[in-house]
There are 2 protein chains.
Amino acid sequence: MFLPVSLALLSALTPTASFAQSEAPAIVEDFRPSSLNQPGQEYPQVNSQGYVRFRVNAPGAQSVKASLGLGGQGGTVLSKAVDGSWIGTSSGPLDEGFHYYHLEVDGGVFNDPGTLNFYGSTRWESGIEIPAHDADFYALKDVPHGNVQQVLFPSPSTGIQRRAFVYTPPGYAANQAARYPVLYLQHGWGEDETAWSNQGHANLIMDNLIADKATRPFIIVMTYGMTNVIRPGDPGGLARFDIKPFQTVLVDELIPYIDRHFRTLPDRDHRAMAGLSMGGMETKMIATANVDTFGYVGLFSGGTFSPDDVAKAPSFREKVKLAFVSYGSRELERRAVAPPGAPPFDPVANHKALKASGFNSVFYVSPNTAHEFLSWRRSLHEFAPLLFRD
Amino acid sequence: MFLPVSLALLSALTPTASFAQSEAPAIVEDFRPSSLNQPGQEYPQVNSQGYVRFRVNAPGAQSVKASLGLGGQGGTVLSKAVDGSWIGTSSGPLDEGFHYYHLEVDGGVFNDPGTLNFYGSTRWESGIEIPAHDADFYALKDVPHGNVQQVLFPSPSTGIQRRAFVYTPPGYAANQAARYPVLYLQHGWGEDETAWSNQGHANLIMDNLIADKATRPFIIVMTYGMTNVIRPGDPGGLARFDIKPFQTVLVDELIPYIDRHFRTLPDRDHRAMAGLSMGGMETKMIATANVDTFGYVGLFSGGTFSPDDVAKAPSFREKVKLAFVSYGSRELERRAVAPPGAPPFDPVANHKALKASGFNSVFYVSPNTAHEFLSWRRSLHEFAPLLFRD
């Protein structure tokens, strides 16, 4: 009985290790600081496979976790090292692109002091970047750059001075006679008007497209979509969401302000609206109710246009030149099994039906990404060249 | 002996309370969330006396401290409440204005999840605002607003695309024929090009001054001063600081870029430089070495011009129209006792001697503030109306 007992003992001592060896390749020790770390910070790090390694200094802590790991697995539990720091590596490689996360230190939620912060989930969160194979399209390169400017505009309907960020393309200042089309570009729930520049690199995507002559130069305007009235864990919140306050700010206050203060082409055929996630829902609501305002519409992981939607929006079919819908591939995989009680969801079928009816519907799927910013960077990169082709 | 024993017992039970009552007024329980809190966050709070109350959720922690309290007293130690949160109140009222701070949770340094973050001390730190009695001059009001725009400019000397923020005054876009003077405005050590807009409210100070017709409208340019090569705790670092790399970026790369891309008045008499703390030191070094570039100079808590400094800088006396020097009053109190080995420091005597010699020297003291941003907001507010009076 000697040998069997010994094997059982070995098995009890190393069950996960032997399991991991048969399931996944070894972790490659080529970790480097994330590109979104604060200046001089060595951690968190990312390796060439997309694993993340965290290191947090908290010598007196009892428990440190990072909320990022693999979907549904509750993040990464860090272990205390001899020097008092806490170290841990994600249980698998993460998808390419940008991910929000935070730390849980002894039951409290804090940001990782190693990273820059990004506004998401109604708070400034830590962020990390898994280098994407196609990262070149949003890289900061030696090409002419447009500017992103903070604008404070009066909003009588809300009684305050509101903020927007405005991207003006390279050459805007030099070409004083030129006027430009405008895209109004919305963030998602829990984010704000900083998201498309900070997390999205919308300005760099445009700079690179323009340098490649792949898109017409245009202005992008980003403001806060007033989405945070919906609280997490309130499943009925979305159904009760009232678009009117934001629609008033956008259509009656911001657009006239932009048309007065920037050299725009102030008509429907030179004005687009797009948004990600809940910003897509807002885009659909506002664009279908204002078909004389927006001639191009984009929903990035934020719904779809069915033939019925188009039929119900008066003049949409005649006046809107493009309906662009996109998703991350992992969203479509997950949505293939609809939650109980959810309405039928088939964006591909909607797109095909619209297109078959002669409407300019474009559908894009971002490969191997979920409901995250790389899906939306890619969506903007696909959407921009389709706009304002007159 | 009954009464004396009883009194002694009472005294032993409440020694600090009775001491506090005789030394300081009671803390007024009118705490309200700091204006710099993240959306919806109730803590930290500030009361009408300037006390700060912290509340941090970390139910499993052993020790939570806030680095902010009273000078030299090591911050505020928080105590665990029955609900698992940690609560504490500063040991005294803080000076009016903006203060950086961070938390120490079980020996690790984290930001307070309640507050917005501001770049200082070479990291994004928590910030809190003690409402100042004169806060109106940097308040966001219903006046015409200038824009703050992010500019990416090529820097051959450093091999990268660098970032600057550019404030353009209200009316800049509408008055296409107008050209404007420019102030180059530098942050301090450990900060970056975001500081003057975020912590300093430079744009709002200008908007309000311009609305009051108290200053000529001008452009402000803010870029990173490359100051972080000096590490804390390296007393010789400042003496070894080499101004040349930053001077090259500013004078040879950024100024020509700004003059090409903005409607500037591109000459010495319409160009100023100012900086706070180490940015003041940079301003003094660069302005005295480039008297044909800058016609107006400001040092905010960042040194002084002695008659000897002016005599040693060729043509400074003839070409520079204003040398503005300012300090927070508490800095002057502290510096009245010079550290061992420090050179003689008497900015008031320097100012008087320069002024007596016929040079346009202006000296300003911010009341009841230290080496902090309210001193510098006020300094900009005093400095701007003195510029470009031609």
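The values are calculated or read from the model by the stated rules, or taken from the named source; none is laboratory data. Please read all numbers here as calculations on a predicted model, not as lab measurements. For neighbour counting, all protein chains shown are included, and Cβ atoms are generated from backbone atoms with ideal geometry for every residue, glycine included. Accessible surface is based on the protein model in full, side chains and every heavy atom, while ligands, DNA and RNA are left aside. Shrake-Rupley method; radii C 1.70, N 1.55, O 1.52, S 1.80 Å.
Here are some notes:
- Extending 7 Å from the Cα toward the beta-carbon at both B:D346 and A:N228 defines two label points whose distance is 5.3 nm.
- Placing a label point 7 Å from Cα along the Cα-to-Cβ axis, A:R260 is separated from the same position in the other copies by 3.4 nm, shortest listed first.
- Point-charge dipole on Cβ atoms (K/R +1, D/E -1) for the stretch A:170-269, about Cα centre, debye to 20: 200
- In the stretch A:206-354, Rg over Rh equals 0.97, where Rg is the alpha-carbon radius of gyration and Rh the Kirkwood radius from pairwise Cα distances.
- Remark: accessible area buried at the A-B interface is about 3200 Å², both chains counted, probe radius 1.4 Å.
- Under a Gaussian network description of chain A, with springs only between Cα atoms under 10 Å, the residue in A:A311, A:A323, A:A370 that fluctuates furthest is A:A311.
- Beta carbon of chain B nearest to the axis of the rotation taking B to A, residue and angstrom distance: B:Q149, 2
- Most fluctuating residue given options A:Q150, A:Q49, A:Q176, as computed from a GNM of chain A linking Cα atoms under 10 Å: A:Q176
- Using the 1.4 Å probe convention, the accessible area of the stretch A:145-292 works out to 34 Å² per residue with neighbouring protein chains retained.
- Here chain A is assigned +1 on the Cβ of each Lys and Arg and -1 on the Cβ of each Asp and Glu. Its dipole about the Cα centre then comes out at about 800 debye.
- By the helix-only formula, in which each DSSP H run with n ≥ 4 contributes -39500 (n - 2.57) and the sum is divided by residues, chain A has a 222 nm mean residue ellipticity of -6500 deg cm²/dmol.
- Using only side-chain charges placed at the Cβ, +1 for Lys and Arg and -1 for Asp and Glu, the dipole size of the stretch A:273-333 relative to its Cα centre rounds to 140 debye.
- DSSP bridge analysis restricted to the protein assembly as shown gives an antiparallel fraction near 65%, rounded to the nearest 5.
- Positions from the stretch A:83-111 whose accessible area shrinks by 40 Å² or more when the full protein complex is built, not the chain alone, probe 1.4 Å: A:D106, A:F110
- Accessible surface of chain B, 1.4 Å probe, proportion on carbon and sulfur as whole %: 58
- Couplings for the stretch A:214-231, taken from phi via the Karplus curve 6.51 cos²θ - 1.76 cosθ + 1.60 with θ = phi - 60°, read 8, 9, 6, x, 8, 8, 10, 10, 10, 9, 6, x, 6, 8, 7, 5, 8, 9 Hz in order; Gly and Pro are left as x.
- Take the Kirkwood radius over Cα pairs of the stretch A:81-207, plug it into Stokes-Einstein at 10 °C and 1.306 mPa s, and you get 89 µm²/s for translational diffusion.
- All other residues whose Cβ lies under 15 angstrom from that of B:G50 are scored, Lys and Arg at +1 and Asp and Glu at -1, for a net of -4.
- Cα centroids of the stretch A:351-380 and the stretch B:178-216: 43 Å apart.
- Under a Gaussian network description of chain A, with springs only between Cα atoms under 10 Å, the residue in A:S126, A:S357, A:S326 that fluctuates furthest is A:S357.
- Pairs beyond 23 Å (Cα-Cα), from A:K141/B:K284; A:K284/A:K355; A:K312/A:K355; A:K244/A:K352; A:K141/B:K244: A:K141/B:K284; A:K244/A:K352; A:K141/B:K244
- Remark: the stretch B:296-313, residue by residue, has Karplus-estimated 3J(HN,Hα) of 9, 9, x, 10, 9, 6, x, x, 8, 9, 8, x, 5, 4, 5, 5, 7, 9 Hz, where x stands for each Gly or Pro and the curve is 6.51 cos²θ - 1.76 cosθ + 1.60 at θ = phi - 60°.
- When the stretch B:87-171 is described by a simple charge dipole with +1 on each Lys and Arg Cβ and -1 on each Asp and Glu Cβ, the residue from B:Y167, B:F137, B:L94 located farthest towards its positive end is B:Y167.
- Sorted from shortest to longest, the distances between the B:V229 label points of this copy and the other copies are 5.3 nm, with each point 7 Å from Cα along the line through the beta carbon.
- Percent of Cα-Cα distances greater than 33 Å, calculated over the stretch A:136-386: 15
- The distance between label points at B:D292 and A:K319 comes to 6.0 nm (points 7 Å beyond Cα on the Cα→Cβ vector).
- Shortest-first distances to equivalent copies, position A:E29, nm, label 7 Å out along Cβ: 5.9
- To the nearest ten degrees, helix A:202-211 and the longest principal axis of the Cα atoms of chain A are 70 degrees apart.
- Taking only Cα atoms of the protein assembly as shown, radius of gyration then Dmax in Å: 28.9, 104
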